[in-house]
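The values are calculated or read from the model by the stated rules, or taken from the named source; none is laboratory data. Here the structure is a predicted model, which is why all the values come from computation and not from measurement. Glycine gets a Cβ as well: all are built from the backbone with ideal geometry, and neighbour counts include every protein chain shown. The accessibility values were calculated without ligands, DNA or RNA, using every heavy atom of the protein model including side chains. Shrake-Rupley method; radii C 1.70, N 1.55, O 1.52, S 1.80 Å.
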Amino acid sequence: MKKVVKIILWSVLVIILLLGGLMAGFIYKVKNGFPVSYETEAPKLAFPANQSAVLLFSKSTGFRHSGSIDASKPIIAEMAKKNNWFLVETEDGGIFNAEQLAKFSTVIFNNSTGEVINDEQKRALEKYVENGGSLMGIHGAGDNSHHWDWYVQNLLGAEFSHHPLNPQFQKADVLLDSQPDSLLSANMPSKWSHTDEWYIFLENPRKKNFDILYTINGDLIKPDGNVSLLVSDKNFGMGKDHPVAWSKKIGKGKTFYTSMGHDETAWKNENFVRLIENGIKWTQVKK
Ligand SMILES: [Zn+2]
């Protein structure tokens, strides 16, 4: 074989191996989070006496939804100002200790993906919610990179399967459920149009007694999340009753999750922003 042909063939092989390695690394990170690092020291914080405290936690070790996370911060800061909340925006997992958590009315996993806190910190968050605290999750907070049973059972009520890739972003009518919580649905339309990356879960959280706030008609989206040569079992959807926002009372506390919010365009949609504001307000009402 001519030397030049050999060089070309070897180059092609090296490129294929490199791309394959990069793809495998990316898939591992999305499924498990990497690199995993935990902060264990409690940050210094002074909580004002007369304000509800809201923790906006945006740490990710899995897929990073940078556009959405960056867009959310000024909007939630504005919301906090309007509602007189003391907002703590951080990626420091050291804040997940019993003493500091107890001071928050709401903890938000803001597109937080991967394993972001250690076992002891997870137990502190579980106790905090069961004793009357609240946990909210936005979009990526619901993917399958967290590897945390309590979190899946109590925030999501269902295991994430995949999201459509062909195409990834699709427009759908977001439909208010028949008996929505009045606080969560306050000033919200019964139907609005929204484009997002629609998460598909393996079961319907309605079956686990979660209160569904909004659905889309899953029969009207293309659920295909297959990747040629790599993934071939992800071409199914949730059917007509495809929840996209839901809540539950857990012990003395509450959880609220929406699968919407993949990128910055969500934060430009007034209905999505109001949904998040209503969610925070709802978590602050103790029942
Ligand atoms: Zn996403």
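One line per residue, one yes/no per condition, for (1) within 14 Å of the chain's Cα centre (by Cα); (2) away from the ligand (no atom under 16 Å from the Cβ); (3) in contact (Cβ under 8 Å) with a residue 24 or more places away in the chain:
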position: ASP233; (1), (2), (3): no, yes, no
position: LYS248; (1), (2), (3): no, yes, yes
position: ASN269; (1), (2), (3): no, no, yes
position: VAL273; (1), (2), (3): no, yes, yes
position: GLY279; (1), (2), (3): yes, yes, yes
position: GLN284; (1), (2), (3): no, yes, yes
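Going by what's in this entry, would GLY132 be described as under 25 Å from LYS268 (Cα atoms), touching a residue at least 12 places away in the same chain (Cβ under 8 Å) and in a loop (DSSP other than H, G, I, E, B)? In short, no. Within region 91-110, if we keep just the residues that are surrounded by fewer than 19 Cβ atoms within 10 Å (Cβ to Cβ) and in contact with a Ser or Thr (Cβ under 8 Å, 6 or more places away or on another chain), the residue that is farthest from ASN32 (Cα to Cα) turns out to be GLY94.
Scanning region 57-82 for residues that are part of a helix (DSSP H, G or I), within 16 Å of the ligand (Cβ to nearest atom) and surrounded by fewer than 21 Cβ atoms within 10 Å (Cβ to Cβ) yields SER66, GLY67, ASP70, ALA71. Every condition in (1) open to solvent by 90 Å² or more (accessible area, probe 1.4 Å); (2) under 23 Å from LYS31 (Cβ atoms); (3) under 20 Å from the mean Cα position of the chain (by Cα) is met by GLU203 except one, and the failing one is (1). The single residue among ALA158, ALA141, ALA172 that is within 16 Å of the ligand (Cβ to nearest atom), among the aliphatic types (A, V, I, L, M) and not in a helix (DSSP H, G or I) turns out to be ALA172.
Quick one: how many residues across region 95-114 are assigned to a helix (DSSP H, G or I) and either farther than 15 Å from LEU125 by Cβ or touching a helix residue (DSSP H, G or I) at 6+ places or on another chain (Cβ under 8 Å) (or both)?
So the count comes out to 3.
Considering GLY33, GLY25, the condition of being on the phi > 0 side of the Ramachandran plot and either modelled with pLDDT under 95 or open to solvent by 40 Å² or more (accessible area, probe 1.4 Å) (or both) is satisfied by GLY33 alone.
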